[in-house]
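The values are calculated or read from the model by the stated rules, or taken from the named source; none is laboratory data. All values reported here derive from a predicted model rather than from experimental measurement. Counting neighbours? That spans all protein chains shown, and the Cβs are built from the backbone with ideal geometry, glycine included. These accessible areas exclude ligands, DNA and RNA; they are computed on the full protein's heavy atoms, side chains included. Shrake-Rupley method; radii C 1.70, N 1.55, O 1.52, S 1.80 Å.
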Amino acid sequence: MSTEIGRIDKNKNTKIVIRMSKFKGMQLCDVREYIESDQYTGFTKKGISIRKDKIEELIELLNQAKDIEELEEDEYKGEEK
């Protein structure tokens, strides 16, 4: 069982859905894409599940990301330089 927290529009057919769930006794925050199209409606594999006790760390990192100035297109490589 899961409890939906909210949705964010990603584009016309895709939402990012935040849900809380429980798996093997662990409380998880699930952030996943939800697609509504003629071919498929439902959750995709694109997303993450993070333990509830890690949510504050994630929020801190997202706040840091929010404060970064615009990057050049070739700057992001998924790791620090």
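Looking at the range 19-45, I want the residues that are over 25 Å from LEU62 (Cα atoms) and have a partner that is in a strand (DSSP E or B) with Cβ atoms under 6 Å, at least 6 apart or on another chain. Which pairs are those?
As it stands, the answer is none, since no pair meets every condition given.
In this structure, is GLU80 modelled with pLDDT of 95 or more, outside any strand (DSSP E or B) and of a type outside the set (Phe, Trp, Tyr)?
No; evaluated as a whole, the condition is false for this residue.
Restricting the search to the range 37-53, which residues are open to solvent by 90 Å² or more (accessible area, probe 1.4 Å) and either in a strand (DSSP E or B) or closer than 14 Å to SER2 by Cβ (or both)?
LYS45, LYS46, ARG51, LYS52
Among the residues of the range 1-12, which ones are more than 19 Å from LEU62 (Cβ to Cβ) and either β-branched (Val, Ile, Thr) or open to solvent by 70 Å² or more (accessible area, probe 1.4 Å) (or both)?
Of everything in the range 1-12, those that are more than 19 Å from LEU62 (Cβ to Cβ) and either β-branched (Val, Ile, Thr) or open to solvent by 70 Å² or more (accessible area, probe 1.4 Å) (or both) turn out to be MET1, THR3, GLU4, ASN11, LYS12.
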